[in-house]
Amino acid sequence: MNEEIVKKYSQTNKFGKLLDMQYRLDATGDIIYDVTITEKHLATKTAAHGGLLAAMMDGVVGVAALEEASKNGNLVSTVEMKLNFLQPAFLNDRLKGVGKILKAGKRIIVVEGKIYNQDNLLLAVGIATMNAYPIEKSDMFK
């Protein structure tokens, strides 16, 4: 992992900050995304909006792919993502998203993501195809 690229991404990701999402590496090196469901995340009086889980999943698979792509000085963008909602997330739930690389090529990275609640109940699963591209094509370091 290129820590400079991943750190810069973290600093510039305003959307993740807006939703109070934070990522970290666990002891095994897996990317973990965390968010606690607050009132601003709700679609009903008690259940989180599916868009929050979709955004979280995009973050989970994106940062997992970025960790891999950054080794070659690349950034990533989402080409395609499929998401299955299995259970709802509720107010005050603490969600944890885990991303794992399934296949990494020079340009295409396929990533699996899973989102769990604090009771380790699987809420959503996703798979995404990510495009790795040279950092020079972005404005991240300008």
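Is the shape of the chain best called rounded, prolate or oblate, per the rule: a/c under 1.5 gives rounded, else a/b larger than b/c gives prolate, else oblate, with a ≥ b ≥ c the square roots of the Cα gyration tensor eigenvalues?
Working: a/c = 2.01, a/b = 1.67, b/c = 1.20.
Here the chain falls in the prolate category.
Any idea what the dipole of the chain comes to, in debye rounded to 20, about its Cα centre with Lys/Arg Cβ at +1 and Asp/Glu Cβ at -1? Mind showing how you got there, number by number?
Details: 18 positive and 16 negative charges, 51 e Å.
Here the size comes out at about 240 debye.
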### Query
Using 1/(1 + (r/R0)^6) with R0 = 41 angstrom and r between the beta carbons of Leu121 and Gln11, what's the FRET efficiency to the nearest 0.05?
0.80
## Note on the structure
Within the stretch 3-137, pairs of Lys residues whose Cα atoms are less than 17 angstrom apart, provided they are eight or more positions apart or on distinct chains, add up to 19
### Query
Sequence-distant or interchain residues sharing an amide H contact under 5 Å with Ala48, placed H: which?
Ala43, Ala89, Phe90, Leu91
## Note on the structure
Whole-Hz Karplus couplings 3J(HN,Hα) for the stretch 87-102, θ = phi - 60° and coefficients 6.51, -1.76, 1.60, Gly and Pro as x, run 8, x, 9, 10, 3, 6, 4, 9, 9, 10, x, 10, x, 9, 6, 8
### Query
Once you put a point 7 Å from the Cα of Tyr133 and another 7 Å from the Cα of Glu39, both along the Cβ direction, what distance in nm separates them?
4.0 nm
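When Lys and Arg each count +1 and Asp and Glu each count -1, what net charge do the other residues less than 13 Å away from Lys71, Cβ to Cβ, add up to? Kindly include the intermediate steps, with their values, before the conclusion.
Working: positive: Lys106; negative: Glu3, Glu4, Glu67, Glu68.
Combined, the nearby Lys, Arg, Asp and Glu give -3.
Can you give the calculated 222 nm mean residue ellipticity of the chain, where each DSSP H run of n ≥ 4 adds -39,500 (n - 2.57) and the sum is split over every residue, rounded to the nearest 500 deg cm²/dmol?
Numbers: 3 runs with 35 residues, N = 142.
-7500 deg cm²/dmol, from helical runs alone.
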### Crossing angle, helix 3-12 versus the chain [Cα axis fit, 0-90 degrees, rounded to tens]
50 degrees
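Quick note: the coordinates plus some simple rules give every number you see, no bench work behind them. Because the structure is predicted, anything quoted here is derived from the model rather than measured. So basically every Cβ, Gly included, is an ideal-geometry build from the backbone, and we count neighbours across all protein chains shown.
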